[in-house]
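Novice: Structure in structure tokens, see below.
The values are calculated or read from the model by the stated rules, or taken from the named source; none is laboratory data. Every value quoted in this text rests on a predicted model; they were computed, and no experiment measured them. Here the Cβ is made from the backbone with ideal geometry for all residues, glycine too, and neighbour counts use every protein chain on show. The accessibility values were calculated without ligands, DNA or RNA, using every heavy atom of the protein model including side chains. Shrake-Rupley method; radii C 1.70, N 1.55, O 1.52, S 1.80 Å.
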Amino acid sequence: MELDMDVMVKRFKDYIGFDTQSDEENDKACPSTPGQMVLSKHLAEELKAIGLTEVDLDNHGYVMATLPANGAADAPVVGFIAHVDTSPDAAGGPIKPQIVKDYDGKDIVLNENGPVVFSTKDFPEVLKYKGQDIMFTDGTTLLGADDKAGVTAIVSAMEYLVNHPEIRHGKIRVGFTPDEETGRSADRFDVEKFGADFAYTIDGGELGGLEYENFNAANPVITFHGRSVHTGDAKGKMINAITLAAEWQQLLPAGEKPEYTEGYEGFFHVYKITGGVEQCTMNMLVRDHSRQKFEQRKAYLDDMADFFNKKYGEGTVEVTPHDVYFNMLEKIEDGNMYVVELAKQAMEAAGVTPDVQPIRGGTDGARLSFMGLPCPNIFTGGANFHGRFEYLPLNSLKKAGETVLGIAVGAAALKK
């Protein structure tokens with residue numbers, strides 16, 4: 001089973017022509033930006049055109065569709081999920097893709113104006129794709145492989161199965177979601193309506209990526225209450241909330257921050273501070289793969305708040321907890337490791353070596369796994385997501401689609 005790379009590239013270019021950056025600040029609407037709904041409507045029509053059934057687009061931009069079983073009606077229902085939005089962390093359009101043919105391993109001038117240079121010193125990982133065709137942008141926007149490469153892989157695999165009725169497979173469900181980059185896409189995902197026994201998010205990075213471990217995540221908000229007094233008469237009276245926030249940051253374990261950690265190492269991260277002398281608000285990330293260590297990290301913040309309140313007065317510091325998602329390994333290990341083995345077998349059949357790594361972040365699959373849908377994450381092939389140096393080796397995109405195909409066919413041998 002081999003997909004047509006030219007068709008996939010054309011499809012991917014079509015998708016990145018839609019401006020679908022999500023808006024983290026807009027938590028009142030779903031989708032958070034109108035362009036996402038435009039692409040969702042386009043995808044719904046495309047899925048109908050290639051022959052899928054039960055195509056449904058709801059008012060929030062969630063698309064679901066079915067490829068009916070073909071000779072394996074007793075097989076479990078497998079689902080494939082990707083998101084239509086792109087990150088707001090870099091300029092999102094208009095995207096001007098360019099393909100570097102037979103990459104020679106040297107630095108690449110993406111844009112003569114500036115100039116914008118893709119440096120192998122900064123991004124040495126690209127050298128493993130020497131000799132391949134790689135898609136970049138013109139260096140002014142992100143590319144959008146996160147996750148339009150995932151959408152491309154799924155749609156292309158479904159089209160292939162429709163066009164090859166001799167291939168036996170069970171019922172397949174497809175889902176495309178909005179607002180994954182804001183962390184809200186699983187909020188309105190109807191697992192019961194989706195109706196899959198297990199699924200995969202096609203939302204990973206480079207070739208071979210297979211992920212079924214992720215951080216436990218909390219996003220607490222720390223509020224510091226100060227006392228504003230005229231600076232000319234402030235001695236012994238003023239309590240500067242900004243100073244309190246700075247002291248808090250310094251009391252966090254020095255080596256347990258994102259810039260010093262890797263692999264299974266957790267961290268504390270202060271990513272935004274707003275306010276003034278009277279009140280200051282700090283937004284934090286707390287992350288750890290171990291649930292026990294995760295709970296200990298949250299307790300550490302509570303202990304810090306107690307320390308501040310004893311030192312500066314009761315009510316000086318408030319910690320507002322907010323658990324976001326948990327490590328899907330807890331659910332995958334609980335009788336669902338077969339979904340991981342199926343993915344490994346599909347990759348190997350496509351000539352891809354599985355690269356199993358813990359996710360130093362989150363995935364919709366984590367939340368969906370805790371909602372009753374076991375859902376590991378699979379590579380899309382892209383790299384350097386969320387920035388203007390993002391790139392997509394075209395062979396990796398093709399292999400992502402062929403991995404989806406392999407899973408769909410392999411699932412036909414399973415029994416419900």
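Novice: For the chain, take the longest principal axis of its alpha carbons; what is the angle in degrees between that and the long axis of helix 5-16, to the nearest 10 within 0 to 90?
Specialist: Roughly 40 degrees, rounded to the nearest 10.
Novice: Find out how many positive minus negative residues lie around ILE167, taking Lys and Arg as positive, Asp and Glu as negative, among other residues whose Cβ is under 13 Å from that of ILE167.
Specialist: -3
Novice: Straight-line reach from LYS293: which lysines have a Cα under 21 Å away, not including same-chain ones fewer than 8 places off?
Specialist: Excluding near neighbours in sequence, the set is LYS257, LYS331.
Novice: Order these peptides, 235-247, 155-167, by their mean beta-carbon neighbour count within 10 angstrom, highest first.
Specialist: Those peptides, ordered most packed to least, come out 155-167, 235-247.
Novice: Let me ask another. Could you grab the Rg to Rh ratio for the chain? Cα atoms only, Kirkwood for Rh.
Specialist: Checking Rg against Rh, the ratio lands at 1.02.
Novice: May I pose another question? Give, rounded to the nearest 20 debye, the magnitude of the charge dipole that the range 26-158 has about its Cα centre when Lys and Arg contribute +1 at Cβ and Asp and Glu contribute -1 at Cβ.
Specialist: Numbers: 10 positive and 19 negative charges, 44 e Å.
In debye, rounded to 20, the range 26-158 gives about 220.
Novice: Further, regarding this structure: Rank THR316, THR86, THR182 by mean-square fluctuation in a GNM of the chain with C-alpha springs under 10 angstrom and give only the top-ranked residue.
Specialist: Result: THR316 has the largest fluctuation of those listed.
Novice: Straight-line reach from LYS106: which aspartates and glutamates fall under 14 Å, measuring Cα to Cα and dropping same-chain residues less than 8 apart?
Specialist: Within the straight-line limit of under 14 Å, LYS106 reaches these aspartates and glutamates: ASP122, GLU125, ASP133.
Novice: Something else: What percentage of the solvent-accessible surface of the chain, computed with a 1.4 Å probe over protein heavy atoms, is contributed by carbon and sulfur atoms?
Specialist: Summing carbon and sulfur atoms, their accessible area is 48 percent of the total for the chain.
Novice: Could you give each residue of the range 168-178 its phi-based ³J(HN,Hα) in whole Hz, using Karplus coefficients 6.51, -1.76, 1.60 with θ = phi - 60°, and x for Gly or Pro?
Specialist: The phi angles translate into 7, 7, x, 5, 10, 10, 10, x, 10, 10, x Hz.
Novice: Could I get the Rg over Rh figure for the range 111-264? Both from C-alpha atoms, Rh via Kirkwood, rounded to two places.
Specialist: Checking Rg against Rh, the ratio lands at 1.12.
Novice: Need one number: the % of Cα-Cα pairs in the range 192-267 sitting beyond the 14 Å mark.
Specialist: Beyond 14 Å sits 79 percent of the P(r) for the range 192-267.
Novice: Take the alpha carbon gyration tensor of the range 285-416, find the square roots of its eigenvalues, order them as a ≥ b ≥ c, and report rounded if a/c is under 1.5; if not, report prolate when a/b exceeds b/c, else oblate.
Specialist: It is prolate, given that a/c is not under 1.5 and a/b is the larger ratio.
Novice: I want the antiparallel fraction of DSSP beta bridges within the chain, as a percent rounded to 5.
Specialist: Given both bridge residues lie in the chain, the antiparallel proportion sits at roughly 70 percent.
Novice: A further question on this structure: Once you have the Kirkwood Rh of the range 99-166 from its Cα pairs, apply Stokes-Einstein at 4 °C and 1.567 mPa s and quote D in µm²/s.
Specialist: On the way: Rh = 14.2 Å.
The diffusion coefficient I find is 91 µm²/s.
Novice: Once you've got the GNM for the chain with C-alpha springs shorter than 10 Å, pick whichever of HIS60, HIS289, HIS322 has the biggest mean-square fluctuation.
Specialist: HIS322
Novice: Now a separate question. Whole angstrom only: what separates the Cα centroid of the range 336-403 from the Cα centroid of the range 132-146?
Specialist: Rounded to whole Å, the Cα centres lie 19 Å apart.
Novice: Would you mind calculating the relative contact order of the range 24-138 from Cα pairs under 8 angstrom and at least 6 residues apart, reporting the percent as a whole number?
Specialist: Relative contact order comes out at 19 percent.
Novice: Sticking with this one: What is the range 148-231 by shape, rounded, prolate or oblate, if you read a ≥ b ≥ c off the alpha carbon gyration tensor as root eigenvalues and call it rounded for a/c under 1.5, prolate for a/b larger than b/c, and oblate otherwise?
Specialist: prolate
Novice: Okay, moving on. Given the -39500 (n - 2.57) contribution per DSSP H run of 4+ residues, what per-residue ellipticity at 222 nm results for the chain, rounded to the nearest 500 deg cm²/dmol?
Specialist: -9500 deg cm²/dmol
Novice: Would you mind checking the radius of gyration and Dmax of the range 1-43 based on alpha-carbon positions, in Å?
Specialist: Every Cα atom of the range 1-43 included, Rg and Dmax give 13.9, 44 Å.
Novice: With 26 Å as the limit, write out which pairs from LYS13/LYS130; LYS148/LYS344; LYS101/LYS128; LYS298/LYS344; LYS13/LYS344; LYS13/LYS101 have Cα-Cα distances beyond it, or answer none. Don't skip to the answer; put the middle values down first.
Specialist: Working: LYS13/LYS130 22 Å; LYS148/LYS344 23 Å; LYS101/LYS128 15 Å; LYS298/LYS344 35 Å; LYS13/LYS344 28 Å; LYS13/LYS101 16 Å.
From LYS13/LYS130; LYS148/LYS344; LYS101/LYS128; LYS298/LYS344; LYS13/LYS344; LYS13/LYS101, over 26 Å: LYS298/LYS344; LYS13/LYS344.
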